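Notes for the one structure printed next.
The values are calculated or read from the model by the stated rules, or taken from the named source; none is laboratory data. Predicted model, so just to flag it, every value in this text is computed and none were measured. Here Cβ is always computed from backbone atoms with ideal geometry, including for glycine, and neighbour counts include all displayed protein chains.
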């Protein structure tokens with residue numbers, strides 16, 4: 001069996017860590033001969049760092065499926081964006097204070113320093129009609145999590161990245177508290193052929209090549225290991241997990257998952273703060289032993 005795990009909101013707890021309970025469950029599944037992989041929107045280096053801190057080794061589908069890396073760090077597949085197609089939309093966002101964005105290469109995440117400063121200023125000047133007072137702590141935590149998710153490299157101008165012929169861009173993440181502005185950004189990217197737009201939160205969108213999604217990435221690893229789709233189980237919590245839900249033989253949603261994932265799931269496990277991955281893996285092992 002191949003078990004594919006999302007990271008944020010699934011494998012990682014509220015502190016952004018892999019709990020000992022989840023670690024032990026993964027090691028137990030691996031000891032039984034099952035292949036456990038990570039399928040995440042994070043860059044590979046960021047996902048691998050979390051695994052290393054927990055003492056785990058797993059193949060990784062990173063950047064929503066744009067890069068597939070084996071446990072020995074061999075890159076098995078790579079699907080970058082066409083920079084020339086997306087640069088006009090990225091340049092448009094530079095002039096919009098309400099839009100914060102990141103550009104992901106295989107091993108780095110780039111942000112214009114001014115964009116982070118603008119986002120932090122926005123947080124301190126939120127109006128009541130934008131975010132009610134009782135929810136501001138949640139917004140602040142959400143933004144802090146956004147910055148914690150990746151080892152960000154700040155640049156004066158994103159032109160440095162676009163103009164570097166050796167830099168491949170695999171994903172762009174756009175974040176905004178202004179839903180209408182975020183929708184406008186989504187519309188601009190949707191008008192560009194060959195892209196797929198997903199989300200890992202209601203306040204962001206993620207842009208990848210249309211052939212790069214978690215489902216395609218998980219399928220590539222299943223093919224590599226000779227595991228049929230019927231023997232693939234996946235766990236996730238958000239919209240960018242839907243493509244791997246669609247291809248898997250068994251689907252597990254977290255208790256904290258978006259409703260659409262719960263409705264598509266074969267089983268709903270505990271939340272990510274209650275070691276839901278460990279409970280989900282045990283459920284899978286029980287099904288196998290009883291089957």
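Given the condition over 30 Å from residue 90 (Cα atoms) and at pLDDT 95 or above, answer yes or no: does some residue in segment 208-217 qualify? No - not one qualifying residue is present in segment 208-217. Does residue 222 count as farther than 22 Å from residue 9 by Cα and outside the structural domain of residue 17 (by TED's automatic domain parsing)? Here the answer is no, as residue 222 does not meet what is asked.
Show the residue pairs that are 6+ apart or on different chains and have beta-carbon atoms under 6 Å apart, the first residue being within segment 210-225 and in contact (Cβ under 8 Å) with a residue 24 or more places away in the chain, the second being surrounded by fewer than 15 Cβ atoms within 10 Å (Cβ to Cβ) and part of a helix (DSSP H, G or I). If the second residue must be surrounded by fewer than 15 Cβ atoms within 10 Å (Cβ to Cβ) and part of a helix (DSSP H, G or I), the pairs left are 215/246.
Evaluation of residue 165 against the conditions (1) over 19 Å from residue 45 (Cα atoms); (2) modelled with pLDDT of 85 or more shows that the sole unmet condition is (2).
Just give me the residues in segment 223-237 being farther than 20 Å from residue 287 by Cα and surrounded by fewer than 23 Cβ atoms within 10 Å (Cβ to Cβ), in sequence order.
223, 224, 225, 226, listed by residue number.
One residue alone among 76, 89, 66 is under 18 Å from the mean Cα position of the chain (by Cα) and touching a residue at least 40 places away in the same chain (Cβ under 8 Å), and that residue is 66. Here is a check on your reading of the model: is residue 109 at pLDDT below 80, outside the structural domain of residue 66 (by TED's automatic domain parsing), touching a helix residue (DSSP H, G or I) at 6+ places or on another chain (Cβ under 9 Å) and buried (at least 16 other Cβ atoms within 10 Å of the Cβ)? Spelling it out, it is not the case that residue 109 is at pLDDT below 80, outside the structural domain of residue 66 (by TED's automatic domain parsing), touching a helix residue (DSSP H, G or I) at 6+ places or on another chain (Cβ under 9 Å) and buried (at least 16 other Cβ atoms within 10 Å of the Cβ). At least 2 residues being farther than 24 Å from residue 68 by Cβ is the threshold, and among the helices (runs of 4 or more DSSP H) wholly inside segment 171-256 those reaching it are 179-190.
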